[in-house]
Every structure is written in C-alpha cells, then in structure tokens.
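The values are calculated or read from the model by the stated rules, or taken from the named source; none is laboratory data. The structure displayed is predicted, hence computed values, not measured ones. All Cβ positions, glycine included, derive from the backbone under ideal geometry; neighbour counts span all protein chains shown. The area values use the complete protein model at the heavy-atom level, side chains included, leaving out ligands, DNA and RNA. Shrake-Rupley method; radii C 1.70, N 1.55, O 1.52, S 1.80 Å.
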Amino acid sequence: MTSRVLVATGALIVAIGAVTPTSAAPSPVTTKAVVVKIAGRSFPARLSYPTQGGPYPAVAFAHGYMNRSSWYAETLRSIAASGYVVIAPDSETGRFPNHGRLANDLNGSLRWLGENSATGSTAVPRGKVNSARIAVAGHSMGGGVALIAAARSRAVDTVVTLAAAETAPRASIAVRRLRVPSLFVVGSDDRIVPAAGTAVMFHRAPSPTLLATITGGSHCGFMEKYPLACDAGRISYDRQLRLTRDLLRRWFDKHLRGRKAARVTGVPGIRYVND
C-alpha cells in the first residue's frame, strides 16, 4: 500500500490507497508527462502512445472528481497499446472544479496533439496523430464532462463515459446535442453514481448509442486508485478493469478505426441496451 492522502468524494472524505492492476499493455507504449498550451491556457497532462508507427486516432480522457490521470494509468496505457494516442488532462483537480473549463481542456488537448504532431515536437513525434479520427471519454465527473466536450465539438467522432455523473453545465442537457455515437458504461452495483442516473443520459442521447452494464461492477472499480471507504461490487476491481478495457478497445476499433465488423457486444459479464 502506498502512502495515504485525504480525498473528498462528494461530501465524504476518505483515505486513498493504491491498487496495482494485474493486466499489462500488450505492445510497446511511450508514456510521458506533458504540458498542454492551447488558446492561452496551460495545464499538465499524461500522454500515452504506441512507441512505433503512426498516425493513430486520438482519445482525450477526463478524470473523476478530485482524481488524477494517474488513477487510470494502466487503462490509458492499454488503450494506447491497441493503437491510439491517449491524452488525459490533469486540470480542474481541486475541490471546486470548473466542469465547463475541463470540457474545453479535453477538446483543447486534442487540438494541441494535432498541432504538435503536424510539425513534430519533444512531446509528440511528427506524424503520430490522425487528427481526423478523435474521441473524448471520462469517468464519473469526467464522464459528464466528456459529454459536454462532445456536444461542443464538431470534430469529435465518438464519446465514451464510465459511470457518467451530472455536471454544471448539465451533462444531461448537453447529451441531447450529441451528433456522434456514444457509449455509456456503468456498474450495476454503483452506489456513488447509480446506474439508473447515467441511464437517463443514455436515453436522452440521439442514436446510435449503447448502454453497457457491467454486472456486479462498482463506481471505484473503474479506477486504479480508490478510496478505502469507497463502494465495492460483486466482482473484483481487477475483473471490472479487464472488462472495461476490452469494451473500450472494441468500441474505439469500431468507431475510430472504422472497423465496421468489429463486435462491441457479446462480452460475458456485460449487459447491453441499444437506443
């Protein structure tokens, strides 16, 4: 167990410990800390991409409330290992985050990737990013933020949320303006952001959209660091992470790589609803 810190989850303040996932990335990935500078704004971020080759589609991922990108490090790395450039802003990490600003940071991170890839930089190798194929994603607060970001952008091709929570501005309103395929992943045993709440957003989203419920999954099961007093489902955190990563890979392969034959559904342990 690593050293413990205090983190607020809603109104609850709890101790944090680290979880070491059992899964490993299947191919070489470069991960680095970067500073995104775009539109007069500057913020740190975690960047992961396949070490060799390119260009690759890009994904911007938003963290949960008072979380950090490092809490999702292996999930981000596993996405990158499947052939994607993944950037996760570490902005708006305090007790009073600005959700709208974090949504802009998601979209800004994708623009920054494209600009740096076009010319080449110490942060992003030249030709690494396919800026014509991009996505936004996020967990909890970050899931709601991803919906806002997707609604604000005409460049995003798809959006993925993990236990999406309500935000301000309201994600449940922004979702009506989506113009791209959307995936809503929830845990059936989530006691922090109940699956029924995220399902409301799912039903408001224009088609094509998919609700994927991980049977026995929890809220904290989407993270790799978690509050000791957080919720737990009927399945282990490791199993939930494996299911989540498999689902994300399938979705991105279909909607970012254009692999029409890619099968998103059919993963044992997950229930699916199309709308």
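Applying 1/(1 + (r/R0)^6) with R0 = 30 Å to the Cβ-Cβ distance of residue 259 and residue 154, what FRET efficiency is obtained, to the nearest 0.05? Using R0 = 30 Å, I get an efficiency of 0.80. Computed from the C-beta positions of residue 229 and residue 168, the FRET efficiency with R₀ = 30 Å rounds to 0.75.
Cα centroid separation, region 126-182 to region 52-107: 11 Å. All Cα-Cα separations within region 26-128 were binned at 10 Å from zero, giving a P(r) of 16, 52, 27, 5, each value a whole percent of the pairs. Length gained on full extension, residue 41 to residue 98: 19.1 nm, using 0.36 nm per residue less the C-alpha separation.
Using the average count of surrounding beta-carbon atoms within 10 Å as a protection proxy, the listed peptides 29-38, 80-89, 207-216, 177-186 rank, highest first, as 80-89, 177-186, 207-216, 29-38. Take the chain with all the other protein chains still there, run a 1.4 Å probe, and you get 40 Å² of accessible area per residue.
Kirkwood Rh over Cα pairs of the chain into Stokes-Einstein at 20 °C, 1.002 mPa s: D in µm²/s?
Answer, rounded: 118 µm²/s.
The equivalent ellipsoid that matches the C-alpha gyration tensor of region 69-171 spans semi-axes of 23, 15, 13 angstrom, in descending order. With both labels modelled 7 Å from their Cα along Cα-to-Cβ, the residue 52 to residue 115 distance reads 3.2 nm. Structural descriptor for region 145-275: relative contact order 22 percent, calculated from alpha carbon pairs under 8 angstrom and at least 6 residues apart. Taking 10 °C and 1.306 mPa s as conditions, region 114-181 diffuses translationally at an estimated 125 µm²/s according to Stokes-Einstein applied to its Kirkwood radius (Cα pairs). The calculated FRET efficiency for residue 70 paired with residue 122, based on their beta-carbon distance and R0 = 22 Å, is about 0.55. Here the mean projected area of the convex hull built on the C-alpha positions of region 98-140 is 3.5 nm². Note on the chain: with charges restricted to the Cβ of Lys and Arg (+1) and Asp and Glu (-1), its dipole about the Cα centre is near 640 debye. Taken over the Cα atoms of region 129-268, the convex hull encloses 106 Å³ per residue. Overall, the accessible surface of region 122-233 at a probe of 1.4 angstrom is composed of carbon and sulfur to the extent of 54 percent. Within the straight-line cut-off of under 23 Å between alpha carbons, the lysines reachable from residue 225 are 32, sequence neighbours fewer than 8 places apart in one chain being disregarded.
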